[in-house]
1. Just for the stretch 76-91: of the residues that are without any contact (Cβ under 8 Å) to a residue 40 or more places away in the chain and over 17 Å from the mean Cα position of the chain (by Cα), which one is most open to solvent (accessible area, probe 1.4 Å)?
2. Go through D63, D45 for me and flag whichever is without any contact (Cβ under 8 Å) to a residue 12 or more places away in the chain and over 15 Å from the mean Cα position of the chain (by Cα).
3. Checking P129 against (1) in contact (Cβ under 8 Å) with a residue 60 or more places away in the chain; (2) exposed (fewer than 14 other Cβ atoms within 10 Å of the Cβ); (3) more than 22 Å from P18 (Cα to Cα), which test does it fail?
4. Taking the stretch 32-44 as the region of interest, how many residues are outside any helix (DSSP H, G or I), out of contact with any Ser or Thr (no Cβ under 9 Å at 6 or more places or on another chain) and not β-branched (V, I, T)?
5. Look through A87, A117 and report the one residue that is part of a strand (DSSP E or B), touching a strand residue (DSSP E or B) at 6+ places or on another chain (Cβ under 7 Å) and not basic (K, R).
6. With respect to P155, determine if the residue is within 24 Å of H23 (Cα to Cα) and either at pLDDT 95 or above or under 15 Å from the mean Cα position of the chain (by Cα) (or both).
7. How many of the residues in the stretch 10-31 are open to solvent by less than 10 Å² (accessible area, probe 1.4 Å) and part of a strand (DSSP E or B)?
8. Looking at the stretch 1-34 only, could you name the residues that are of a type in the set (S, T, N, Q) and within 16 Å of the chain's Cα centre (by Cα)?
Amino acid sequence: MTAVAAQAIRTERLELEPLRIEHAEEMAVVLADPALHTFIGGAPDSPQELRARYQRMVAGSGDPALCWLNWVIRLRDEGCLAGTVQATVSLSGQDCGAEIAWVVGTPWQGRGIASEAARGLVGWLARQPVGSVIAHIHPEHRASAGVAVAAGLAPTGEWNEGEIRWRRVF
């Protein structure tokens, strides 16, 4: 199986741009609210920490059977960044699959941005050599559960590190 590379994805209101190290400064502001870490833990990264993390992410996993794909979410009309989506694609085994995640900055929440971005990402993944998509969502995180439903995922009843596994098979 050949590697999958992030490509620009366009939705009705959004541009999902493949992550670049240069996004770190603006994304540090977008992701600065500690409330974004309520369900995932940790704390917001400084611009320097985010730049270092983005350097590692852009460099890739180092494993040819594992593709790290990351995008920033740009609001086309406003011209600003509002969050990220990501997919880790496993190219090994019979069923190549992707694990996805998303985060939208607090000022942009409640506008359907995460749902639109996740639908765009899942639609793009459906056209790649990927047989299924999964997401892990904290059982109390109703907003993320709504995003998963909007992207066509359903809860499986399986648990992973305190989170429910959601899945969509193509």
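1. The extreme case among them is E78.
2. On the way: D45 fails: without any contact (Cβ under 8 Å) to a residue 12 or more places away in the chain.
Selected residue: D63, the only one of D63, D45 that is without any contact (Cβ under 8 Å) to a residue 12 or more places away in the chain and over 15 Å from the mean Cα position of the chain (by Cα).
3. The one condition P129 does not meet is (3).
4. 4
5. Numbers: A117 fails: part of a strand (DSSP E or B).
Within the list A87, A117, the selection yields A87.
6. Details: within 24 Å of H23 (Cα to Cα): no; either at pLDDT 95 or above or under 15 Å from the mean Cα position of the chain (by Cα) (or both): yes.
It is false that P155 is within 24 Å of H23 (Cα to Cα) and either at pLDDT 95 or above or under 15 Å from the mean Cα position of the chain (by Cα) (or both).
7. Looking only at that region, the number is 2.
8. Passing the criteria: Q7, T11.
The values are calculated or read from the model by the stated rules, or taken from the named source; none is laboratory data. None of the values given here were measured: they were computed from a predicted structure. Positions of Cβ are backbone-derived with ideal geometry, glycine not excepted, and every protein chain shown enters the neighbour counts. Ligands, DNA and RNA are stripped out before the accessible areas are found, and what is left, the full protein with its side chains, is counted by its heavy atoms. Shrake-Rupley method; radii C 1.70, N 1.55, O 1.52, S 1.80 Å.
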